[in-house]
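Notes for the one structure printed next.
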Amino acid sequence: MPWEGIPSRRCASSNRSWPNRGGKPMSAVHERVLAALERREPDRVPTFDVMEEYANIYEILGRRPFPTGFLFTNRWTSRIVDKTAGLLNRSQIFFAEMDRFSYDRTEAAVKMGYDAAWVMHVPIWKFQDSKVAVDIYGRQYDVIVDGRGNLATPMYKKGLIASPQDWYGWDKRDLFRLPERANRAFRRIQKDLGDRIFIMPGFLFGLFENTWQPMGFERFAVALRKEKTFVRRVIRFYRDHFCLMLEAWADAGVPGAVYTDDMAYRSGPMLPPALMEELYGDAFRHITETAHALGLKIVVHSCGNVMPLLGWFADCGFDGVHALEPTAGVDLAKVKQLVGDRLCLIGNVDITHILVDATREEVFEAVRKSIAAAGHGGGYMVAPTNSHHTMSVERLRWMLEAVERYGRYPLDLSVPRNPD
């Protein structure tokens, strides 16, 4: 394995220290990531992990998790879940499982040799029965089990908030508990693993998704025309809530955060950029200013074709942008030209073919092209655009090996006859 000797190199101290961690010296891996986020040239293009799938994580760790999904699909156990869902929710067993999952996925990122990890911690779902879940914001979902018997991220079905009265009357107690739960989980993760990887917490959902999804898009469109004061109230509420999450993460000692909010289809933004600015611009700037005041770097994640939103993301104060999906028509070289001096670019490695069933040569070539498009002068991190359970751990390792081959500064992007 090419990563066997990396920990000693990765964990060497740099000359910098963390302002939000009592002046603790910054490790070399943290300096590498920080340099990219500040659009400086590090020693090597950093790597950024986004894996959120049980199957892949436990394959990396060499463990066999209990196939929780079995409880929801087996003819007999699913009936038990149907009858005891309320008891299971009150016991918060699934919330405790989320703490363990977030720790394990960070440990897996360290074992793989990533420089940074976007670590989701989302104790937000409750089960109505073995087929249906709801979240603490007002969405309903179909329960999803992956091909290996693990629970996967539930599939959004519809919103449950039909009116302002529904939203004001919605039980928000678990939502108010999220910052405390996040602080507890990330204190342990940061204490045990934070010196070896740049941890960037995230949770679901962002302001845009939390505004429209609990209503449904048609109801949201009506609210934009007839109840804009209410929409602004919801945005302000979730802005303040996200800032509390930032406080919780910073108190846990992590160095950064990911703001997760899908704002685009593959064809382009879901709302016109001018309307996004009108509704969310001030809130986004408040979030980034809060993060920076706490000593955190903050990256925005959005799937889809975000090309028309990139300049706005920079105007709002984000340090970087993740996904940059090639399958959504995002041209990484053009992105570098447009905002490479204002945003760290993260992602662009395809998850439909390259990290699923491509050859080793194809993986190396995809990474080489991404580094060639965005790596010059710093300000780029190699990462998958997202995660799903059919991604290949072997191909993720090839991606990391390719970064070792092509990502050292000064960049050498010549094509070897054989990646070996």
Only one of Thr352, Thr290 is among the β-branched types (Val, Ile, Thr), over 23 Å from Val234 (Cα atoms) and touching a helix residue (DSSP H, G or I) at 6+ places or on another chain (Cβ under 6 Å); which? Thr352
Within the range 335-350, the residues that are surrounded by fewer than 21 Cβ atoms within 10 Å (Cβ to Cβ), outside any helix (DSSP H, G or I) and not basic (Lys, Arg) are Asp341, Asp350
Scan Arg173, Arg177, Arg184 and give me the residue that is surrounded by fewer than 15 Cβ atoms within 10 Å (Cβ to Cβ), basic (Lys, Arg) and within 18 Å of Ala133 (Cα to Cα). Arg173
I'm told His241 meets every condition in (1) surrounded by 22 or more Cβ atoms within 10 Å (Cβ to Cβ); (2) in a helix (DSSP H, G or I) except one. Can you identify the failing condition by its number? (1)
Inside the range 52-90, can you point out the residues that are more than 28 Å from Ala117 (Cβ to Cβ), surrounded by fewer than 17 Cβ atoms within 10 Å (Cβ to Cβ), out of contact with any Asp or Glu (no Cβ under 9 Å at 6 or more places or on another chain) and without any contact (Cβ under 8 Å) to a residue 60 or more places away in the chain? Asn74, Arg75, Trp76, Thr77, Arg79, Ile80, Thr84, Gly86, Leu87, Leu88, Arg90
How do the pairs read when you match residues in the range 264-281 that are under 13 Å from Leu207 (Cα atoms) and without any contact (Cβ under 8 Å) to a residue 24 or more places away in the chain with residues anywhere that are of a type in the set (S, T, N, Q) and part of a helix (DSSP H, G or I), using Cβ under 6 Å and keeping only pairs 6 or more apart or on different chains? none
From the residues in the range 299-334 that are outside any helix (DSSP H, G or I), touching a Phe, Trp or Tyr at 6+ places or on another chain (Cβ under 9 Å) and free of Cβ contacts under 8 Å to residues at least 40 places away in the same chain, which one is nearest to Leu271 (Cα to Cα)? Cys316
Among the residues of the range 363-379, what is the count of those that are surrounded by fewer than 17 Cβ atoms within 10 Å (Cβ to Cβ) and either outside any helix (DSSP H, G or I) or in contact with a strand residue (DSSP E or B) (Cβ under 8 Å, 6 or more places away or on another chain) (or both)? 2
Has the range 133-142 got at least one residue that is hydrophobic (A, V, I, L, M, F, W, C), on the phi < 0 side of the Ramachandran plot, buried (at least 17 other Cβ atoms within 10 Å of the Cβ) and out of contact with any Lys or Arg (no Cβ under 8 Å at 6 or more places or on another chain)? no
Condition broken by Asp82, with the remaining ones in (1) part of a loop (DSSP other than H, G, I, E, B); (2) more than 28 Å from Tyr380 (Cβ to Cβ); (3) among the charged types (D, E, K, R) satisfied: (1)
Restricting attention to the range 143-170, and to residues there that are of a type in the set (Gly, Ala, Ser) and on the phi < 0 side of the Ramachandran plot, which single residue is surrounded by the most Cβ atoms within 10 Å (Cβ to Cβ)? Gly159
Qualifying position, being outside any strand (DSSP E or B), over 17 Å from the mean Cα position of the chain (by Cα), modelled with pLDDT under 95 and more than 19 Å from Val110 (Cβ to Cβ), among Arg16, Arg39, Arg64, Arg21: Arg64
Residues that are within 18 Å of the chain's Cα centre (by Cα), of a type outside the set (Lys, Arg) and in a helix (DSSP H, G or I), drawn from the range 86-123: Met98, Asp99, Phe101, Ser102, Tyr103, Asp104, Thr106, Glu107, Ala108, Ala109, Val110, Met112
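The values are calculated or read from the model by the stated rules, or taken from the named source; none is laboratory data. Here the structure is a predicted model, which is why all the values come from computation and not from measurement. Every residue, glycine as well, gets a Cβ built from its backbone with ideal geometry; the counts of neighbours run over all protein chains shown.
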